[in-house]
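Only one structure is covered here, and it is reproduced in the block below.
The values are calculated or read from the model by the stated rules, or taken from the named source; none is laboratory data. What you are looking at is a predicted structure, and each value in this text was computed from that prediction instead of being measured. Positions of Cβ are backbone-derived with ideal geometry, glycine not excepted, and every protein chain shown enters the neighbour counts. Side chains included, ligands, DNA and RNA excluded: accessible areas come from the protein's heavy atoms. Shrake-Rupley method; radii C 1.70, N 1.55, O 1.52, S 1.80 Å.
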Amino acid sequence: MRWWDLAPVLELERELFPEDAWSPGMFWSELAHARGPSATRRYLVAEQDCRLVGYGGLAAVDGTGDIQTIATARDQWGSGLGARLLTELLHAATDFECHEVLLEVRVDNLRAQRLYERFGFEPIGFRRGYYQPGNHDALVMRRTTQTSSEAPSVQGT
């Protein structure tokens, strides 16, 4: 994600999250930490036919990654785009040497929760009134990095 992506990102953000959309300043602040040798953020966008159809972001601090945001246009739901964005963010967490990745998701967003569960995220708690100003609760989920002894073996030629 670059500064020139912010207008379409903000448009999609307001469409998908009308009650608690991020402000331009929030995205600018995140992008300020996404470049250079001391970068602690990775933000990406997905485009199709010259149209922005998704985005996501990860923050990494002291070995812990936090999925800050992930979204896909409604006409992309069920296409696998959310899974591809999440895969890229998890690769970024590996690049940042994170041993765990956290995220918050609205308790009523079962579609997103199922996606996260497919990727090994497990519920660990709640944040009451986390999403403002709508006062919606968040489910906190965590995915820990597998050690080599825990990772499934792959066989073949």
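Structural remarks
- Output for segment 76-111, where each listed residue is assigned to a helix (DSSP H, G or I) and more than 23 Å from Arg51 (Cα to Cα): Leu90, His91, Ala92, Ala93, Thr94, Asp95, Leu110, Arg111
- Filter result for Arg114 (part of a loop (DSSP other than H, G, I, E, B), of a type in the set (Lys, Arg) and either out of contact with any strand residue (DSSP E or B) (no Cβ under 8 Å at 6 or more places or on another chain) or open to solvent by less than 30 Å² (accessible area, probe 1.4 Å) (or both)): no
- Only one of the listed residues (Ala138, Ala59) is closer than 24 Å to Pro8 by Cα and surrounded by 14 or more Cβ atoms within 10 Å (Cβ to Cβ). That residue is Ala59.
- Meets criteria (open to solvent by 20 Å² or more (accessible area, probe 1.4 Å) and either under 24 Å from Arg143 (Cβ atoms) or at pLDDT 95 or above (or both)) for Arg41: yes
- The condition of being farther than 19 Å from Gln132 by Cα and in contact with a Gly (Cβ under 8 Å, 6 or more places away or on another chain) does not hold for Leu31.
- Taking the numbered list (1) farther than 17 Å from Ala73 by Cβ; (2) open to solvent by less than 30 Å² (accessible area, probe 1.4 Å) in turn, Ser23 passes all entries but (2).
- Residue match in segment 12-20 (condition: assigned to a loop (DSSP other than H, G, I, E, B), open to solvent by less than 80 Å² (accessible area, probe 1.4 Å) and at pLDDT below 95): yes
- Only one of the numbered conditions (1) surrounded by fewer than 17 Cβ atoms within 10 Å (Cβ to Cβ); (2) more than 20 Å from Tyr116 (Cα to Cα); (3) within 17 Å of the chain's Cα centre (by Cα) is not met by Gly36, and that is (3).
- Number of residues in segment 62-78 that are over 19 Å from Gln113 (Cβ atoms), open to solvent by 20 Å² or more (accessible area, probe 1.4 Å) and over 14 Å from the mean Cα position of the chain (by Cα) equals 2.
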